[in-house]
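Read-outs: derived from the displayed coordinates by stated rules, not from any lab. Treat the numbers as computed from the prediction; the structure is a model and nothing was measured. Cβ coordinates were reconstructed from backbone atoms using ideal geometry, including for glycine residues, and neighbour counts include every protein chain displayed.
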Amino acid sequence: MAVSQIETDVVVIGAGPGGYAAAFHAADLGLQVTMVDTRERPGGVCLNVGCIPSKALLHAAEVIDEARHSKDFGISFAEPAIDLERLRSWKEKIVSQLTGGLGQLGKKRGVEYVQAKVRFEDTGTLALEDGEPGILKFQRAIIATGSRPTVIPGLDLESDRIMDSTDALELPDVPKRLLVVGGGYIGLELGTVYAALGSKVTVVEMLAGLLPGADKDLVRPLERRIRKSFEAVYTETKVVSVTETKKGLTVQFEGKTDEKQTFDRVLVAVGRRPNSDDLGLEKIGIEPDDAGFITVDEQCRTSRENIFAIGDVAGQPMLAHKAMREGKVAAEVLAGKRSIFDNQAIPAVVFTNPEVAWTGLTETEAKNKGIDFKVARFPWAASGRALTLGRGEGLTKMLFEPESGRILGVGIVGSNAGELIAEGNLAIEMAAVAEDLALTIHTHPTLSETVGEVADVFLGHATHLFRKKS
Ligand code: NAD
């Protein structure tokens, strides 16, 4: 059988946000680039079965939720009629519009796209699998293979009723009772979607609180709302066994509840693990760490001079925007620039209702590391805009270096926290101090005012809060 051979300067393995950002940037910088992925089109998990479809469904959930809550100000709607088929195709249309667009953007830049699974043969050769056999010869490579859902023993039953995030995003149906295992990003985002569509959702989280990475005061308003819209939330609880019966999946809990309960479906969202185990890394002398991450330096270079790694496969946090930035750094280094990944803040956003967002230092992290800080809080009950939206439960907080007032971290819970956090990112990257935010005019009335006012709280002169001087 003929073996096809492709030759390229730079190969990017994986066409998710990290991979395509790297490939496009490298091409923009004049390099010859080939991007390889098992999917027909670029986009990776994020566009196909992650960030984008989940946000489409979360938007639908928010519309339903807003309609339900509008009773509070005298407007009542009938219960929504949900056309799952239409919802699915709307979501798929967005995905195909975006992946198609990326395909065009790649072509226009002259990036060659190869649909294949690849494995390293040596530091200049990849074997092409799953298609026509072939080899790909390269000078330099960027590994951007991402991650996949973690499977936990006991929950690896071969059952259609057990879903990972990809299955859940397919919206197979609206189960009457849904168990979500894992109270992290995916569990809470997809739990929110299914609860709005009409499922009775139970969340079981092994640790003491939901969203373990976020400060407790930011999680509290979300947890309060979730406890009303979900059937149950069990923290410090584990699933010890699952058996399938005609009625559904019977689950034995252990922890805050020791009950046995039956669910129509179970969504497992207990984290993701890096895709580093099926790449032939042993042939090129790269050994991932115990968690499967490939170790890289600040230029995203692995222990092999000509091989780089970015995104989920190169370490936490497993977030698309971190991957995209790393992709640009790697491309610039390949083009001979002296770039490094030296970002001060990587924002995290959980797109629940309300949204939870944080960037830079968290209060928990500061305490654990013994970092000296002052914290200021601005409750949204004092924000006119938040009250007009019926969302006074929000909170904006900021951590400052005590002497200089330099902003170390920002946390926000509330409507649009995911958008509002951007100002915090910029403030941290620019090494801004409290005065920089306090003296910036924030449009009135907007939620962004809370970001200015929290700096005012630190400085002791917030307009919409009064604290007696001690
Ligand atoms: P996660 O790490 O956010 O949450 C997993 C949760 O499961 C944790 O709270 C953990 O304590 C819990 N857990 C682990 N084992 C358990 C068990 N046996 N029983 C009960 N609970 C258990 O992981 P995820 O939600 O699967 O998401 C994976 C990654 O994908 C995230 O870390 C994030 O990086 C990324 N992601 C990001 C977004 C976003 O940016 N909005 C959305 C979805 C996913």
Original post:
Do you know the relative contact order of the stretch 1-142, to the nearest whole percent, from alpha carbon pairs under 8 angstrom that are 6+ apart?
Top reply: 38
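What FRET efficiency would be calculated for the residue pair GLU79, LYS117, taking the C-beta separation as r and a Förster radius of 51 Å, to the nearest 0.05? Write out the running numbers ahead of the final one.
Working: r = 46 Å, r/R0 = 0.90.
Rounded to the nearest 0.05, the efficiency is 0.65.
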Subject >> q = 0.22 Å⁻¹: log10 I(q)/I(0) that the Debye formula gives for the stretch 211-262, counting C-alpha atoms only >> reply: -0.90
Original post:
Which Rg and Dmax, in Å, describe the Cα atoms of the stretch 162-270?
Top reply: 12.9, 42
Subject >> Whole-percent pair-distance distribution, where bins are 5 Å wide, for the alpha carbons of the stretch 348-459 >> reply: 2, 14, 25, 26, 19, 10, 3, 1
**OP:** Grab the beta carbon distance between VAL174 and ASP258, set R0 = 45 Å, and tell me the FRET efficiency rounded to 0.05.
**Re:** 0.95
**OP:** With a cut-off of at most 15 other beta carbons within 10 Å, and DSSP calling the residue loop, which trypsin sites (Lys or Arg not before Pro) in the stretch 384-470 qualify? Please list them.
**Re:** ARG467, LYS468, LYS469
Original post:
Given the rule -39500 (n - 2.57) for each run of at least 4 DSSP H residues, summed and divided by the residues of the chain, what is its mean residue ellipticity at 222 nm, to the nearest 500 deg cm²/dmol?
Top reply: -10000 deg cm²/dmol
**OP:** Please report, largest first and rounded to whole Å, the three semi-axes of the ellipsoid equivalent to the stretch 369-429, where each semi-axis is the square root of five times an eigenvalue of the C-alpha gyration tensor.
**Re:** 24, 13, 9
Subject >> Cα pair distances exceeding 20 angstrom across the stretch 42-169, given as percent >> reply: 66
**OP:** Could you pull the Rg and Dmax for the stretch 310-384, using just the Cα atoms, both in Å?
**Re:** 16.6, 52
Subject >> the stretch 396-428: GluC sites (Glu not before Pro) falling in loop per DSSP and having at most 10 other Cβ within 10 Å >> reply: GLU403
Subject >> Volume of the Cα convex hull of the stretch 394-437, divided per residue and given in Å³ >> reply: 58
Original post:
What helices in the chain pass both tests, a Cα length along the helix axis of 24 Å or more and a mean Kyte hydropathy of -1.0 or higher, using whole DSSP H runs?
Top reply: 51-69, 84-108
**OP:** Enumerate the aspartates and glutamates that LYS260 could reach by cross-link, defined here as Cα to Cα under 14 Å, with residues fewer than 8 away along the same chain left out.
**Re:** GLU244
**OP:** Could you please state, rounded to a whole Å, how far the C-alpha centre of the stretch 30-81 is from the C-alpha centre of the stretch 446-470?
**Re:** 34
Original post:
Within the chain, what percent of beta bridges assigned by DSSP are antiparallel, to the nearest 5?
Top reply: 60
Subject >> the stretch 157-194 versus the stretch 389-417: alpha-carbon centroid distance in Å >> reply: 31
Original post:
Equivalent-ellipsoid semi-axes (√(5λ), Cα gyration tensor) for the stretch 136-188, whole Å, largest first?
Top reply: 32, 13, 12
Original post:
Kirkwood Rh over Cα pairs of the chain into Stokes-Einstein at 4 °C, 1.567 mPa s: D in µm²/s?
Top reply: 54
